[in-house]
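Encoded as structure tokens, the structure appears first; notes follow it.
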Amino acid sequence: MGVQTALDAVIQAPTIVDAMRLADDLAFEAGRDPGVRTIRVLSQALGGDDELAAIAATHALAGVFDGEAGRMLVRLLSDERRFLREHAAWALGSGLPRADAMGSLLGMVVDGGFTGMLAQRTLEQWSATTAEQLVVGLEGALLGIVEPEARARLVETLGLVRNTIATASLLRLASDAAEADVVRVAAVSALGQRPVEHRILDLLERLSLDDGHLADVARLALVDLGAVAQPRSTRTEGLTIAQLFLHADIDPLLTAAGSGDNGGIATLLVRLGDALAGDPDTGARRVITLSRGSVPEATADLLAIHDSEDGHVYGHIPLLRDPLPSASAWPLRVVTRRGIRRILRAAGGVDLLHLRMADVGSLAAADVARELGIPVVFTVAPDPHAVIESLDRAGRLTRERFGRVDVAEHFWFRTRLVQRLAANAAHTVLFPRPRLQEDMQRLVGIDLTSHAERHTIVPEGVDLATIDRAVAEASSHARGEAPGPALGELRALVETLAPERRTLPLIVSVGRLHRVKGMAALVEAWAQGPLAQRANLLVIGGDVEQPSLDEREQLDLIEQAVPAAERAHAGLLLPGHRPNDVAARWIAGARFGLPGLAAAGGVYACASIKEEFGIALLEAMATGLLVVAPDGGGPATYIEDGVTGILTATWDRTRLHDALDTAVTVAAAERDDARAERARAMVRDNFTIERMSLALGGVYRTVARDEALLLEQAERAG
């Protein structure tokens, strides 16, 4: 093809997703034909206005084994364009260590953030052959850095140098009472990863005798020092399955569902873990669900997990700091990796690890799985590919501004992470989509016809028992019985609205307050035109008292659309997140109405930019509500457009408004339960958590069987 032709293909690609995929061809051609002309062609792209092409050229340079190509990459570390500095730091990690880049990379580590994570990752990849030089550089940097968080990042990087040359510095930093706690915590955590020495044991034991956070971390470090990876289980009576979602406070009671990043996935993992471990037909005997938590929780979990033989147990990964939104959590890669490794070792044998997100949790977990020899099942979806496509189609993401957007969204890194996780997985699980094979090939670059036995379509499922209880309670209340606590709380909320609004139905939506979920867009669409005079809007989700950055962004946009002082008269209710069973009762209340306060015939709205499947949508349909949903992804496979719901381009405010308006009209005109029962039957027959667990059980048994055969063959060969 040639470098120029490959670059032209990137520049002329009809969509951004196409251009990102074609960047792989550019990198291949550049590596195949290193030389002056190749570097000249890539240099031209670096200096152009097409930011997407500039990123593609940066990564292509990394594959050119030429001195000038390496020097160009190093110069990009000082480029005035932040996105090129970031991608250069990443791209350098795929090549040989460069002494002339080390200072700039250390400066990025000091600055922190996503760029700092990329720089640290590159330095870690180089550390095996540059240990002495890197330690000298880190110690020199520490002499000039005072700010505690920045020092902690340097110390964490020092801990990644496996050579014993780093041990003395870590001991000094960990024992120095003049250092800030965050710095000492980084050093203590790193000491837990070193080869066992008396001086390390003595210091950690002394620190562990105190009270406070540092002592808690020292106790975990002692656990790490004494940990020995257990061989994978070979028992035949049942499998041990680990599943992970880092960015949630997952608990068996689902008390934080809808707050921060505690969305549908958090609810799903609780229900799914229970179903897998509770049904012998799935083949799973023990399920370990991993999520974030405190150091004391993590310490207590280790003993419980070690002693458990069956059932659904929980393991907390201590992030050693306040939780961050998933988009900002990439700098937690190292501490997350250590926490995952600790739990999987304590489990005494894990048969496989199921990953679902292209986030820092999966990035770290994949490293641990590779280290411990645990096969991975990956639920692969075109995310963020579908978001990129939607933003591109709406004109909100352009090639000329792609790099500046990528600095915040990390689209390039996340798409590559999806490809890497899918390529290395023992098995991939996919959600149903109307054009699944075409979309996976076009958006993600995965050919599902190649090794089709390694790909399985598994729809998500909902807990019908919880929903049926909610339906029974709401229908009884509509017939005049006293409300339970959940519906009583909903009644109190609706009573805060202006009296003239208490005869209107409810449009309800449940989910995180995040731009991808489109909650602010939903409020804006509802507030425009006459729709707001026909129905009230109830948005369940988010921490409205102490919002995260993502939640704050959505709340500010909602404030612009409907100021807080006007919400009672406008008909907008923003109560924040509620436990899953409470949200289920509120959704049911929207269907059956609240006597004297809300009319029957409510509507459920999902305004997500993209929805890979839609647990909350299925729960609403299982309740009997008419739904409005995105016209792509999973919802299009189970919603009968114009019958059980309305599919629309949710990224378009006008079309979303019109769909909601139509839905309110249709729901108000219904005179029987035929449509509601049709929706309920569809969920009951196809999308229960029990069906999902049985389908996944088949995948897990296949992966475990194939892994056992591989081990047997390896033993014979050895």
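The values are calculated or read from the model by the stated rules, or taken from the named source; none is laboratory data. Worth saying up front: this structure is predicted, and the values here are computed from it rather than measured. Virtual Cβ from ideal backbone geometry, glycine too; neighbours counted across all protein chains shown. Just the protein is used for accessible areas: all its heavy atoms, side chains included, with ligands, DNA and RNA removed. Shrake-Rupley method; radii C 1.70, N 1.55, O 1.52, S 1.80 Å.
Laid out as a table, the results:
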{"item": "Matching residues in the stretch 437-468 - criterion: being open to solvent by less than 30 Å² (accessible area, probe 1.4 Å), touching a strand residue (DSSP E or B) at 6+ places or on another chain (Cβ under 6 Å) and farther than 30 Å from ALA584 by Cβ", "result": "LEU448"}
{"item": "Those residues of the stretch 296-312 which are open to solvent by less than 90 Å² (accessible area, probe 1.4 Å) and not charged (D, E, K, R), in sequence order", "result": "PRO296, ALA298, THR299, ALA300, LEU302, ALA304, ILE305, SER308, GLY311, HIS312"}
{"item": "Filtered residues of the stretch 567-593 (kept if closer than 22 Å to ALA248 by Cβ and hydrophobic (A, V, I, L, M, F, W, C))", "result": "LEU574, VAL582, ALA583, ALA584, TRP586, ILE587"}
{"item": "Qualifying residue in the stretch 373-395 (condition: in contact with a His (Cβ under 9 Å, 6 or more places away or on another chain), aliphatic (A, V, I, L, M) and open to solvent by less than 10 Å² (accessible area, probe 1.4 Å))", "result": "yes"}
{"item": "Filtered residue count, the stretch 643-679, keeping only those that are over 26 Å from the mean Cα position of the chain (by Cα), open to solvent by 40 Å² or more (accessible area, probe 1.4 Å) and more than 20 Å from ARG534 (Cα to Cα)", "result": "6"}
{"item": "Given (1) touching a Phe, Trp or Tyr at 6+ places or on another chain (Cβ under 9 Å); (2) among the hydrophobic types (A, V, I, L, M, F, W, C); (3) modelled with pLDDT of 95 or more; (4) under 20 Å from GLY35 (Cβ atoms), number of the condition LEU96 does not satisfy", "result": "(3)"}
{"item": "Selected residue (criterion: most open to solvent (accessible area, probe 1.4 Å)) from residues of the stretch 99-129 that are among the acidic types (Asp, Glu) and closer than 17 Å to ASP79 by Cα", "result": "ASP111"}
{"item": "Scan of the stretch 474-492 for residues that are open to solvent by 40 Å² or more (accessible area, probe 1.4 Å) and in a helix (DSSP H, G or I), ordered by number", "result": "ALA478, PRO485, GLU489, ARG491, ALA492"}
{"item": "Verdict on GLY602 being in contact (Cβ under 8 Å) with a residue 40 or more places away in the chain, out of contact with any Cys (no Cβ under 8 Å at 6 or more places or on another chain) and either surrounded by 24 or more Cβ atoms within 10 Å (Cβ to Cβ) or not hydrophobic (A, V, I, L, M, F, W, C) (or both)", "result": "yes"}
{"item": "Residue that is farthest from LEU513 (Cα to Cα), among those in the stretch 559-583 that are within 23 Å of the chain's Cα centre (by Cα) and surrounded by fewer than 19 Cβ atoms within 10 Å (Cβ to Cβ)", "result": "PRO579"}
{"item": "ASP274 vs. criteria over 20 Å from ALA227 (Cα atoms), open to solvent by 20 Å² or more (accessible area, probe 1.4 Å), in a helix (DSSP H, G or I) and in contact with a His (Cβ under 8 Å, 6 or more places away or on another chain)", "result": "yes"}
{"item": "Hey, GLU690 acidic (Asp, Glu), over 22 Å from ALA532 (Cβ atoms) and open to solvent by 80 Å² or more (accessible area, probe 1.4 Å) or not", "result": "yes"}
{"item": "Qualifying residue in the stretch 588-601 (condition: at pLDDT 95 or above and among the basic types (Lys, Arg))", "result": "yes"}
{"item": "Lone unmet requirement of (1) under 17 Å from ILE317 (Cβ atoms); (2) over 28 Å from the mean Cα position of the chain (by Cα) for GLY192", "result": "(2)"}
{"item": "Filtered residue count, the stretch 29-73, keeping only those that are of a type in the set (A, V, I, L, M, F, W, C), under 22 Å from THR15 (Cβ atoms) and open to solvent by 60 Å² or more (accessible area, probe 1.4 Å)", "result": "0"}
{"item": "Conditions (1) under 28 Å from ASP216 (Cβ atoms); (2) within 34 Å of the chain's Cα centre (by Cα); (3) among the hydroxyl-bearing types (Ser, Thr, Tyr); number of the one not met by THR115", "result": "(1)"}
{"item": "The stretch 55-79, subset β-branched (Val, Ile, Thr) and part of a helix (DSSP H, G or I), residue nearest to GLY107 (Cα to Cα)", "result": "VAL74"}
{"item": "Residue check for ASP556: surrounded by fewer than 22 Cβ atoms within 10 Å (Cβ to Cβ) and modelled with pLDDT of 95 or more", "result": "yes"}
{"item": "Qualifying positions in the stretch 266-290 - over 10 Å from HIS312 (Cβ atoms), polar (S, T, N, Q) and at pLDDT 95 or above", "result": "THR282"}
{"item": "Close pairs (7 angstrom Cβ cut-off, 6 or more residues apart or separate chains): farther than 12 Å from TRP586 by Cβ in the stretch 483-503, β-branched (Val, Ile, Thr) anywhere", "result": "ARG502/VAL494"}
{"item": "So ARG680, is it over 21 Å from GLY541 (Cβ atoms), modelled with pLDDT of 95 or more and in contact with a strand residue (DSSP E or B) (Cβ under 9 Å, 6 or more places away or on another chain)", "result": "no"}
{"item": "From GLY112, GLY103, residue being without any contact (Cβ under 8 Å) to a residue 40 or more places away in the chain and either touching a strand residue (DSSP E or B) at 6+ places or on another chain (Cβ under 8 Å) or small (Gly, Ala, Ser) (or both)", "result": "GLY103"}
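Listed here are the residues, each with its yes/no results for (1) at pLDDT below 95; (2) within 34 Å of the chain's Cα centre (by Cα); (3) among the hydrophobic types (A, V, I, L, M, F, W, C).
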site	(1), (2), (3)
GLU460	yes, yes, no
ALA465	yes, yes, yes
ALA470	no, yes, yes
SER476	no, no, no
GLU481	no, no, no
LEU487	no, yes, yes
ALA492	no, no, yes
LEU497	no, no, yes
LEU504	no, no, yes
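A quick yes/no check of all residues on (1) assigned to a strand (DSSP E or B); (2) more than 20 Å from ALA187 (Cα to Cα):
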| site | (1), (2) |
| --- | --- |
| ALA304 | no, yes |
| GLY315 | yes, yes |
| LEU320 | no, no |
| PRO331 | no, no |
| THR336 | no, no |
| ARG342 | no, no |
